[in-house]
Amino acid sequence: MYIKPEILDRINTWLTPTFDSETQEIIKDSIASKPKEIQEAFYQDLDFGTGGMRGIMGVGTNRINKYTLGKNTQGLSNYLRKSFPNEDLRVVIAYDCRHNSQTLAKVVADVFSANGIKVYLFEDLRTTPELSFAVKHLDCHCGIVLTASHNPPEYNGYKVYWQDGGQLVPPQDNEIINTINSIDYSDIDFSANEELIEFIGKKVDDAFIDASVSNGTFNLPIGARDNLKIVFTSLHGTSITAIPETLKRAGYKDVHIVEGQAKPDGDFPTVDSPNPEEPAALKMATELAEKIGADIVIGTDPDSDRLGIAVRNQDNDLVLLNGNQTMITMTDFLLQQWQSKGMLKGKEFIGSTIVSTPMMKTLAESYGVECKLGLTGFKWIAKMIKDFPEL
């Protein structure tokens, strides 16, 4: 099969000593046996977008691998050095249940440490929310999580979090992208300084879970919370490391885990898509809930930054809420509790987005607070929090 000259040039670059022999052998075999696939793998660079990158794992410039992630990390290291020239730099790295996530996380740690940057590396898979928490808890300059959220098993990704625990926003996002684009693969330093890599685990877990509980808002005293019957599924993902213990410490004792989906598995064998907002993904959980008469079903995606909730309606039927319904219900509960305790002063605001339900504005008005709109994505909510620290 014919391979375009410009693509062949990109392929040949990866057949140089900059790249290891295993990578080169895979490329040579693919040129002969999988020419269409090798062109797809090299026809472009996998974009580092405003929050990071996500793609299919494999060899090539358009794939997630040690070299594309190494280049990201080298560029980010250079940017950190430029941004904080007189500081001892620190980063924290987490990874999810996906294939190669642990291996790729160590590659990222190696590159940071080779650049003289202190690395806190989780000893096993952890949730994205815990990574976000750890950035501030460990006083880091940034954080990385290896995940592709609820994408298919062949995908992986690289998300970047800044000092405030939120994802990148202007101007850092474009400045980092420009820095990454300015370097070559030969500029990557993979020579790890193991003395700068520290494995972390239970101490950060405990701090994260305790903070989650202590910052929670409850309408029942702790002794009465075990009356709520909960079904929980992690959909083979990371939340099994945090949510059951969080519920336990918060006083919820009647929690039933979907055991067939509790073991982390990057193949997600019991679902077509590990997206908890889809009824098919929560099928095993809702079936268990009906069997035992549970009040609520909670499910999360592989890195635990997406939530699916099913509750009973007035007819006692389980109903899966969409994202807007979930957040309206939760926000109304929070405002109701704060109002009843005299905590609303009128200067508070709801942080929402341009693609979220307009009901948020109506809800805000009913409580006498403002509703601020940002662009799509958690990072813009985080920016609102950062921009209004007094609240």
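Structural remarks
A quick yes/no check of all residues on (1) surrounded by 24 or more Cβ atoms within 10 Å (Cβ to Cβ); (2) among the acidic types (Asp, Glu):
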site	(1), (2)
90	no, no
96	yes, yes
117	yes, no
134	yes, no
175	no, yes
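- Of the residues making up segment 46-94, just one is more than 21 Å from the chain's Cα centre (by Cα), of a type in the set (Ser, Thr, Tyr) and in a loop (DSSP other than H, G, I, E, B), namely 61.
- The condition (being in the same structural domain as residue 184 (by TED's automatic domain parsing), more than 24 Å from residue 304 (Cα to Cα) and crowded, with 21+ Cβ neighbours inside 10 Å) is satisfied by just one residue among 101, 83, 77: 77.
- Filtering segment 364-391 to residues that are small (Gly, Ala, Ser) and part of a loop (DSSP other than H, G, I, E, B) leaves 368, 377.
- A single entry from 46, 15 fulfils the requirement of being of a type outside the set (S, T, N, Q) and out of contact with any strand residue (DSSP E or B) (no Cβ under 9 Å at 6 or more places or on another chain): 15.
- All conditions but one from (1) among the β-branched types (Val, Ile, Thr); (2) in a helix (DSSP H, G or I); (3) under 27 Å from residue 379 (Cβ atoms) apply to residue 31; the one that does not is (3).
- Search result, residues across segment 7-21 that are among the polar types (S, T, N, Q) and either without any contact (Cβ under 8 Å) to a residue 40 or more places away in the chain or in contact with a Leu (Cβ under 9 Å, 6 or more places away or on another chain) (or both): 12, 16, 21
- Residue in segment 254-283 that is surrounded by the most Cβ atoms within 10 Å (Cβ to Cβ), counting only those that are in contact with a helix residue (DSSP H, G or I) (Cβ under 6 Å, 6 or more places away or on another chain) and in a loop (DSSP other than H, G, I, E, B): 258
- Any hit, segment 22-36, residues being in contact with an Asp or Glu (Cβ under 9 Å, 6 or more places away or on another chain) and without any contact (Cβ under 8 Å) to a residue 40 or more places away in the chain: yes
- Verdict on residue 212 being out of contact with any strand residue (DSSP E or B) (no Cβ under 9 Å at 6 or more places or on another chain), surrounded by fewer than 13 Cβ atoms within 10 Å (Cβ to Cβ) and at pLDDT 95 or above: no
- Within the option set 226, 205, 189, being modelled with pLDDT under 95 and either farther than 25 Å from residue 274 by Cβ or not β-branched (Val, Ile, Thr) (or both) holds for one residue only, 226.
- Scope segment 150-161; condition surrounded by fewer than 21 Cβ atoms within 10 Å (Cβ to Cβ) and either under 16 Å from residue 82 (Cβ atoms) or out of contact with any Asp or Glu (no Cβ under 6 Å at 6 or more places or on another chain) (or both); matching residues: 151, 152, 154, 155
Here is a yes/no grid of residues against (1) in the same structural domain as residue 226 (by TED's automatic domain parsing); (2) more than 16 Å from residue 256 (Cβ to Cβ); (3) of a type in the set (A, V, I, L, M):
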site	(1), (2), (3)
287	yes, no, no
294	yes, no, yes
304	yes, yes, no
307	yes, yes, yes
313	yes, yes, no
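This table checks each residue for (1) acidic (Asp, Glu); (2) within 23 Å of residue 226 (Cα to Cα); (3) surrounded by 19 or more Cβ atoms within 10 Å (Cβ to Cβ).
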residue	(1), (2), (3)
298	no, yes, yes
311	no, yes, no
326	no, yes, no
330	no, yes, no
344	no, no, no
362	no, no, no
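- Taking the criterion of being touching a Lys or Arg at 6+ places or on another chain (Cβ under 7 Å) and either under 22 Å from residue 176 (Cα atoms) or buried (at least 20 other Cβ atoms within 10 Å of the Cβ) (or both), the only residue of segment 57-74 that qualifies is 61.
- Single residue of 315, 272, 295, 305 found to be touching a residue at least 60 places away in the same chain (Cβ under 8 Å) and more than 23 Å from residue 130 (Cα to Cα): 295
The values are calculated or read from the model by the stated rules, or taken from the named source; none is laboratory data. Please read all numbers here as calculations on a predicted model, not as lab measurements. Glycine also receives a Cβ, built like all others from the backbone with ideal geometry; neighbour counts cover every protein chain displayed.
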